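Taking it in order: structure first as structure tokens, then the write-up.
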Amino acid sequence: MTSQRQRHLPRHREPELERDIARSPSLGYEAPEETGLVRCLAHGFPSPLVRWHFHEEYELHLITETSGKAFVGDWIGPFQPGHLVLCGPRLPHNWISLDAPEGGAAGRDRVIQFRHEPIERAAAEISELREALQLLERSRHGIEFFGLADRAMAHWNAVKAAHGLQRLARFLEYLADLAQCTDYRLLSNVQMQGVEGDAEVDQINVIVNRITANLAEPIVMADIATELGMSESRFSRFFKRSTGNSFTDFVNRVRINSACHLLMQTDHYVTDICYQVGFNNVANFNRRFLEIKGMTPTEFRRQSDSRFGSLA
């Protein structure tokens, strides 16, 4: 049986939760009494901070030296100087340099961390901040920005040098630049785009929850359309407008995302994972995985192992 063939991996395959107690100024963090909403961090590679981890804050991460592999959620890809990513709360991440000089790269990372709740509360009264909330919603998948490297470094320096109200002002300038940037990509999982009206949001949430809760079960678009009182063509247009994906593509992406988590956090056989996430033959699973992730499931598992710092 499948359960008899499954072997559990060590606990360290789960990302580590970073807590305030571990944020020592000796590692490059600002002292708590020096910060408010915004915390700046500069560190190099290697460093105890370079590890597969997550935290409650947003993290805006700029690489200034070396190149290597980035790991953001279930995304694996290359980075080089100028690589700029905004990670949402609790999104695991790590950057592993593959060409660091013998003495290391002392200034590799320029980081800003900030919390969601103060911005959300302020946006309720300050309408200009609502533009930032749209950016922050996208960041739950990780956002890689292009063409902003020099400005990002200038922004980081300005925020780092400022204090109090001036620091907040410099940070908001940085956030505004990111919110207005149209040259970006989402890295991890499936992005839900905006829909108009609470009723449509509720409908989409019901559909998405149904898909994610029953991955191994057959999901027929015609059945869902009927339940919603729509024709298939109308439902297809509605779903594409709401999610940015066709129904079939969305289901495949959700299933592949689930497969990625199983590949990263268990050592279940690839064949078993194929059926666990709802594909009914391995060839189709491998083909869709390659289309979406740019590598085979086996290669994804091999590469994902290096998120802990050892090279795959």
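Any read-out appearing in this document is the output of simple, stated calculations on the displayed coordinates, not a laboratory observation. Note that this is a predicted model, so its numbers are computed, not measured. A quick note on method: Cβ atoms are made from the backbone with ideal geometry, for glycine too, and the neighbour counts reach across all protein chains shown.
The length gained on full extension between residue 27 and residue 269, counted as 0.36 nm times the residue separation minus their Cα-Cα distance, comes to 83.2 nm.
Over all pairs of different C-alpha atoms, region 198-259 has a mean inverse distance whose reciprocal, the Kirkwood radius, equals 11.8 Å.
What do you get for Rg/Rh of region 198-308 when both radii come from the Cα atoms and Rh is the Kirkwood radius? On the Cα set of region 198-308, Rg over Rh gives 1.03.
The simple Förster model, with R0 at 35 Å and r as the Cβ-Cβ distance, assigns residue 177 and residue 233 a FRET efficiency of 0.30. Between residue 161 and residue 56, residue separation times 0.36 nm minus the direct Cα-Cα distance comes to 35.4 nm. Note on the chain: Cα convex hull, mean projected area over all directions, 18.0 nm². Ordered by the count of other Cβ atoms within 10 Å of each Cβ, fewest first, 184, 29 give 184, 29.
Taking other C-beta atoms within 10 Å as the exposure proxy, 87, 181 rank 181, 87 from fewest upward. The local environment of residue 114, defined by Cβ-Cβ distances under 13 Å, has a net charge of -2 under the rule Lys, Arg +1 and Asp, Glu -1. Counting Lys +1, Arg +1, Asp -1, Glu -1, what net charge surrounds residue 148 among other residues with beta carbon under 9 Å of its beta carbon? Local net charge: -2. Taking a Cβ cut-off of under 9 Å around residue 96, the surrounding Lys, Arg, Asp and Glu residues balance to a net charge of +2, with basic ones at +1 and acidic ones at -1.
Measuring r between the beta carbons of residue 212 and residue 34 and using R0 = 35 Å, the FRET efficiency lands at 0.25. FRET efficiency for the pair residue 150 and residue 127, taken as 1/(1 + (r/R0)^6) with r the Cβ-Cβ distance and R0 = 35 Å, rounds to 0.70. Our estimate of slack between residue 298 and residue 80, defined as 0.36 nm per intervening residue step minus the Cα-Cα distance, is 76.0 nm.
Residue ranges 117-130, 71-84, 277-290, 94-107 sort as 71-84, 277-290, 94-107, 117-130 when ordered by packing (mean number of other C-beta atoms within 10 Å per residue, highest first). One Cα centroid belongs to region 119-162, the other to region 275-312; the line between them spans 32 Å.
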